[in-house]
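The structure under discussion appears below in the form of structure tokens.
The values are calculated or read from the model by the stated rules, or taken from the named source; none is laboratory data. A quick note: this is a predicted structure, and the numbers were derived from the prediction, not measured. Quick reminder, even Gly has a Cβ in these numbers, built from the backbone with ideal geometry, and neighbours come from all protein chains shown. Side chains are part of the model used for accessible areas, which takes the heavy atoms of the whole protein and leaves out ligands, DNA and RNA. Shrake-Rupley method; radii C 1.70, N 1.55, O 1.52, S 1.80 Å.
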Amino acid sequence: MSGHSKWSTIKHKKAKLDAARGKVFTKVVKEITVAAREGGGDPEGNARLRTVLDKAKACNMPQDNIARAIKKGTGELEGAHYEAVTYEGYGPVGTAVMVEALTDNRNRTAADLRHIFTKNHGNMAEGGAVAWMFEHKGVVRAAGSINEDELLEKLLDYDIDDISSYEGIVTVSCGIKDLYAVKKVVEDAGLKVDDAQIEWLAKTPMHLDHQDEEEKVFKFLEALEDNDDVQNVYSNLG
């Protein structure tokens, strides 16, 4: 099926390294708090919370941290009020970018991100200017090796858009409603699922011919990822 996204693979591996270093805890705590506030503290009845708790488990977050984050979300404990904001813009060499943030100060976050865009020869855009280039899809990433056609055969009953494998990471994109079912099939196929979540995927990936251009874009995307308020960064770079 269609090719891999080099940035997605790099981002995925960087996220695992950050998790090993404990750097990801703050961001996951924010996600848990917001998910619990919006859908309640019971993961059985809150699909978004269930997804984030899987992420917390993957980065070995202590159960006490998880419980406190849920209680802050449900109002049982006091805590900062985070709101979800999505920013759009263009990075180096015209790459389109979607940035998901959770912030307790929209002005601060917008100013910080604008500085990163400008410093890297990009610019932030109005809402909708970039979003039309992407679509929301379920994405399952797993470690291991399997024949793509063999995995596709196991997934014929579901709304599958793409299966790709690159550097030991198998990626399946699917309809949002099938995300958890697809995750289960991938696990049953013997692969170790690293994450399963809803992401912005580019409708038409952009491919660069020169390594120096790629490096500029990667540096920019990593600078966005490193911002404390930023939860996820998506690019149309193939």
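Rg and Dmax of the chain, based on Cα coordinates, read 17.8, 53 Å.
Heavy atoms of the protein only, probe of 1.4 Å, neighbouring chains included. What is the accessible area of THR86 in Å², nearest 10? Looks like 70 Å² after rounding. Think of the chain as a dipole: +1 on every Lys or Arg Cβ, -1 on every Asp or Glu Cβ, centred on the Cα centre; then among SER235, GLY190, ASN107, ASN107 lies furthest on the positive end. Charging the Cβ of each Asp and Glu at -1 and of each Lys and Arg at +1, and nothing else, the dipole of the chain about its Cα centre rounds to 740 debye. Here region 93-143 and region 148-176 have alpha carbon centers that stand 26 Å from each other. Taking the DSSP bridge list for region 129-238 and keeping only pairs wholly inside it, about 95 percent are antiparallel.
Pop out the carbon and sulfur fraction of the accessible area of region 194-238 as a percent, whole number, probe 1.4 Å. Present the calculation step by step, with values, prior to reporting the outcome.
Numbers: 950 of 2190 Å².
C and S atoms contribute 44 percent here.
Can you give the longest run of the chain that contains no GluC sites (Glu not before Pro) sitting in a DSSP loop with at most 13 other Cβ atoms inside 10 Å? Result for the longest clean stretch: 1-75. Per residue, the average separation of C-alpha pairs within less than 8 Å and at least 6 apart gives region 142-238 a relative contact order of 25 percent. Start at zero, step by 10 Å, and the Cα-Cα distances of region 108-188 spread as 16, 35, 18, 24, 8 percent across the bins.
Under the convention that each Lys and Arg Cβ holds +1 and each Asp and Glu Cβ holds -1, the size of the dipole of region 170-238 around its Cα centre is about 500 debye. Between ASP229 and any residue 5 or more places off or on another chain, the built amide H atoms are never under 5 Å apart. Estimated at the nearest 10 Å², the accessible area of THR109 is 0 Å² with a 1.4 Å probe.
When its C-alpha radius of gyration is set against 2.2 N^0.38 Å (N residues), region 152-233 gives a value of 1.32.
Residue-wise HN-Hα couplings along region 179-192, as the Karplus relation 6.51 cos²θ - 1.76 cosθ + 1.60 with θ = phi - 60° gives them from phi, are 3, 6, 5, 5, 4, 4, 5, 4, 5, 5, 7, x, 8, 9 Hz; Gly and Pro carry x.
With runs of 4+ DSSP H residues as the only contributors, calculate the mean residue ellipticity of the chain at 222 nm using -39,500 (n - 2.57) per run, divided by the residue total and rounded to the nearest 500.
Details: 8 runs with 100 residues, N = 238.
Estimated from H runs of four or more residues: -13000 deg cm²/dmol.
HIS207 contributes an accessible area of around 130 Å² to the protein surface, as traced by a 1.4 Å probe with all chains present.
For region 105-119, backbone nitrogen atoms closer than 16 Å to the point 7 Å from ASP226 Cα along Cα-to-C-beta are found at 112-119. Between the amide H of ALA125 and those of GLU88, GLY89, TYR90, distances stay under 5 Å, these residues lying 5 or more places away or on another chain, with hydrogens modeled in the peptide plane. Could you pull out the pairs from LYS137/LYS192; LYS30/LYS57; LYS55/LYS137; LYS72/LYS119; LYS55/LYS177; LYS27/LYS71 whose alpha carbons sit more than 24 Å apart here? Among LYS137/LYS192; LYS30/LYS57; LYS55/LYS137; LYS72/LYS119; LYS55/LYS177; LYS27/LYS71, the Cα-Cα distance tops 24 Å for LYS72/LYS119.
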